[in-house]
Amino acid sequence: MTCPACRSGRVFPSRLRNGFERLRQLMTEKQPYRCHQCGWRKWRDVRVHAVAADVHPADLRTGRVNPPVSPHEFDQLDAQPPEPS
């Protein structure tokens with residue numbers, strides 16, 4: 001997404017300011033976006049990129065999605081000796 005005011009590519013979802021904005025977000029499929037270059041802020045439809053089609057709009061809103069565990073992390077868990085009791 002590019003900023004309509006300054007054409008910057010630094011446009012990201014903005015935090016919700018109050019209870020009214022939380023309610024608006026729950027009732028619509030919109031999310032506030034902010035340009036980090038010029039400060040422009042407006043509500044737009046939630047954008048899901050085709051590259052990450054398995055990401056749902058609720059994931060983008062909350063940011064509470066856990067990163068996947070890599071095979072290297074599994075190997076590290078298996079390589080650790082058991083803790084003494």
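The values are calculated or read from the model by the stated rules, or taken from the named source; none is laboratory data. On a predicted model such as this, the values are computed, not experimentally measured, just so you know. Please note: Cβ atoms are built from the backbone with ideal geometry, for glycine as well, and neighbour counts cover all protein chains shown. With ligands, DNA and RNA removed, areas are computed over all heavy atoms of the protein, side chains included. Shrake-Rupley method; radii C 1.70, N 1.55, O 1.52, S 1.80 Å.
List every residue pair whose Cβ atoms lie under 6 Å apart, where the two residues are 6 or more positions apart in sequence or sit on different chains, the first residue falls within the range 27-46 and is under 16 Å from ARG17 (Cβ atoms), and the second residue, located anywhere, is aliphatic (A, V, I, L, M).
GLN31/VAL46; TYR33/VAL11; TRP40/ALA5
Quick one: is GLN37 modelled with pLDDT of 85 or more and either open to solvent by 100 Å² or more (accessible area, probe 1.4 Å) or on the phi > 0 side of the Ramachandran plot (or both)?
yes
With the structure loaded, tell me whether VAL48 is modelled with pLDDT under 85 and of a type in the set (A, V, I, L, M, F, W, C) or whether it fails that test.
Yes.
Just name the residue that is surrounded by the fewest Cβ atoms within 10 Å (Cβ to Cβ) out of those in the range 8-26 that are farther than 14 Å from ARG44 by Cβ and modelled with pLDDT under 90.
So the residue we want is LEU26.
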